[in-house]
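Notes follow the structure.
The values are calculated or read from the model by the stated rules, or taken from the named source; none is laboratory data. Please read these numbers as outputs of a predicted model, since none were measured by experiment. Only protein heavy atoms, including side chains, enter the accessible area calculation; ligands, DNA and RNA are left aside. Shrake-Rupley method; radii C 1.70, N 1.55, O 1.52, S 1.80 Å.
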Amino acid sequence: MELSAPPYSNDVNAKGWRLEVDCLAWERSDGWTLLAESERPFLMMIVWQAWRQIPCGTLPESDLLLSRLAGLEANRWHDLKPRILSDWILAANHRYYHPLLIERVL
């Protein structure tokens, strides 16, 4: 499977940009819907951590890094990963992008 090109440059940095969260849009996302109520804070932690990455709004491909960014032990991360990342797209630069964050960055 060929990965798509990243939607924006690899050097985009938030540099203090405020992350405005569209709560209704996130609540309509597959990830939110698939997660139990007690698991949803991990999705929001990942969103917040993605905003702080370079490029802004992305996540690394590494499961170890993702588990640490989510604040989860590796085995718990592996259980939640398919649901948390259900809306995220892996690009050719081996970073995950979410459509709602792409919209915010652009």
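Give me, ordered by chain and number, the residues 5 or more places off T58 or on other chains with an amide H under 5 Å from its own placed amide H.
Q53
Rounded to the nearest Å, what's the spacing between the alpha carbon centres of region 21-49 and region 1-19? Just the number, please.
Distance between centres, Cα-based: 20 Å.
With every protein chain left in place, what is the accessible area per residue of the chain in square angstrom, probe 1.4 Å?
Here the residues of the chain average 59 Å² of exposed surface.
Leaving ligands, DNA and RNA out of it, work out the accessible area of W17 with a 1.4 Å probe and give it in Å² to the nearest 10.
120 Å²
When the accessible area of the chain is computed with all protein chains present and a 1.4 Å probe, what percentage of it is carbon and sulfur? Don't skip to the answer; put the middle values down first.
Details: 3310 of 6200 Å².
Carbon and sulfur atoms account for 53 percent of the accessible area of the chain.
From the list (1) 33, 30, 25; (2) 52, 28, 21; (3) 45, 24, 23, can you say which value of Cα extents along the principal axes in Å was derived from the structure given?
Among (1) 33, 30, 25; (2) 52, 28, 21; (3) 45, 24, 23, the one derived from this structure is (1).
How much accessible surface area, in Å² rounded to 10, belongs to the heavy atoms of W48 with a 1.4 Å probe?
Probe radius 1.4 Å; accessible area of W48 about 120 Å².
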